[in-house]
1. Would you mind stating whether residue C:97 is surrounded by 17 or more Cβ atoms within 10 Å (Cβ to Cβ), facing another protein chain (nearest Cβ under 8 Å) and either within 23 Å of the chain's Cα centre (by Cα) or touching a residue at least 40 places away in the same chain (Cβ under 8 Å) (or both)?
2. Which condition breaks for residue B:280 when tested against (1) in a helix (DSSP H, G or I); (2) touching a strand residue (DSSP E or B) at 6+ places or on another chain (Cβ under 9 Å); (3) over 17 Å from residue B:244 (Cβ atoms)?
3. Residue check: is residue C:112 more than 20 Å from residue C:47 (Cα to Cα) and in contact with a helix residue (DSSP H, G or I) (Cβ under 7 Å, 6 or more places away or on another chain)?
4. Check whether at least one residue in the range A:140-147 is buried (at least 18 other Cβ atoms within 10 Å of the Cβ), modelled with pLDDT of 95 or more and within 13 Å of another protein chain (Cβ to nearest Cβ), and report yes or no.
5. Hey, can you tell me all the residues within the range C:39-87 that are assigned to a strand (DSSP E or B), over 14 Å from residue B:304 (Cα atoms) and facing another protein chain (nearest Cβ under 9 Å)?
6. Just one of the numbered conditions (1) in contact with a helix residue (DSSP H, G or I) (Cβ under 8 Å, 6 or more places away or on another chain); (2) more than 10 Å from chain B (Cβ to nearest Cβ) is not true of residue C:29; which one?
7. I need a count of the residues in the range A:14-40 that are modelled with pLDDT under 80 and either in a helix (DSSP H, G or I) or more than 8 Å from chain C (Cβ to nearest Cβ) (or both).
8. Out of B:310, B:314, B:277, report the one residue that is more than 16 Å from the chain's Cα centre (by Cα) and away from every other protein chain (no Cβ under 14 Å).
């Protein structure tokens, strides 16, 4: 009886040790990862927007191209035979794949605050990429910024949101 | 009668309790007296991390943890050129200190951490500064442009604390203190700069005796060692260069930019056991650090100018277009290359010698002027 | 017989106590070593992350935040290993930087002679590999001075422990 109790106590002791080790090890996860992921996606968005496309007219940078796709989607930029909307989709896909092939992404382009409707060709919201990333339960990182685009002498604020998830 | 089993229970219980108590004490030691040294290290390390974040973001913050202990023995140290700078305190050393960091830590006071810079045109050196609640009092012994421009530069070197609940204010002393001169209130940075733009009058000296939260800055052609009994005394000799004196008779420092003056104002005259004042340590740190970093920057910019000159020269076809960017810019890059050569040579001068610093200042000004030409002609965007 | 059994009981108890004490001592020793290793790794990791942010904003390599200057990168490369030794006074030992412009062209290492027709820089490459490295990558822009153009690139910054 006593021997049995002793053995049980010893097993209990071993379980305490093991439990302590597991708990303390699990607390050692570094906090840097969260900040890094946010910084990565934020930089990804800003860098892509600033990049020169090689096209001219209203599409010199990716930011200009997105503005064109949002405000005048059927316009054809200098140096390309495609319409802005299609060219923007293609260009973004090209750059995102070059950065990281294992990423699922979605660019949401929406009107900035105080936007008023243009003619019927104006759009309120467009997106490029995989919209299923917005579904609940998907571990995604989001970055957001506002770009300016000029159309017929007026400046428009356009909100660009990028959501990214990494395939395992 | 006590049995072996009972003894076993008691012993095991004691061992287990000791084990648990060990871990409890270990992790609770941060919060009890005998962990004070550990806590101090953590706080200074956090201050260093905060200064790094402020450096990268440019957003100022108030650092509160310094109210817990006395960190007045801490100062930034340059160390050797191939070793990184560190923060040295009486209780130990925190390393590395990657970004230039000037701080003034008073016993049990919180500090305002902000970012500032010195602009050489072709280069901008950012640094962070941590300053407690302070009143900077100017005593200008003349009302010349040079003196007023110097006061503006010094004011610009301090952070703007408007909207924060720690105040760095500015004022004058003309026999008595003139502090509430911004619509009846104390002047913070922007308010004081407006005052400097609107009013100009020399002071007759200052007979006030105030606490050490007041930093006195006298500007006079008569400055010499131990001329003033408090603060610093600046003797401008030429545009942007001159001498700084303190109440200590052995002190004569050469300044060539506002960061030199800032380091001497913030340092203070408190001496360590070897008779070296904090001002001297901060001045030495600033000069060793800036000279070394500027040297690296000048070498990079010089090589960059060389690369761009060669490339632009090869692409320049005067017969086709003599006004093209390539044809206009390559001689300017060549000019910048030779000016930076002078800068590199002068950066090896002794920062305590006026004539040598005058040469350095002159070469820096010339390099800045050439760089402005590059910007003007569209070579640098 | 009874006293012999009693003695055996005490011996057994002592043996178990000693086993428990030794186990605790070994555990504490192992725990202290593990804690120090973890702390060291955490410090190096934090240092590597800070150096990523610092490199991406350092005027030694950039023209503005997260926009590298291709002529500066080439300049640092051209200044060679002696210059890297001096840069280690700023960034610390074991630090390196790599930039790769993302274009459809094959990777061409930048040298003094092939500027600007190149797309890859490795600065202050560490001499000894095989050490544990803490490496971070991030998208950035590279400004091409000659073409007046912003390209997208990947910046890799790391430290070797």
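1. Answer is no for this residue.
2. The number of the failed condition is (3).
3. Yes; evaluated as a whole, the condition is true for this residue.
4. Checked the range A:140-147: at least one residue is buried (at least 18 other Cβ atoms within 10 Å of the Cβ), modelled with pLDDT of 95 or more and within 13 Å of another protein chain (Cβ to nearest Cβ).
5. C:67
6. Here residue C:29 meets the rest and fails (1).
7. Total satisfying the criteria: 17.
8. B:277
The values are calculated or read from the model by the stated rules, or taken from the named source; none is laboratory data. In this text, all values refer to a predicted model and were calculated from it rather than measured experimentally. Every residue, glycine among them, receives a Cβ derived from its backbone with ideal geometry; neighbour counts consider all protein chains shown.
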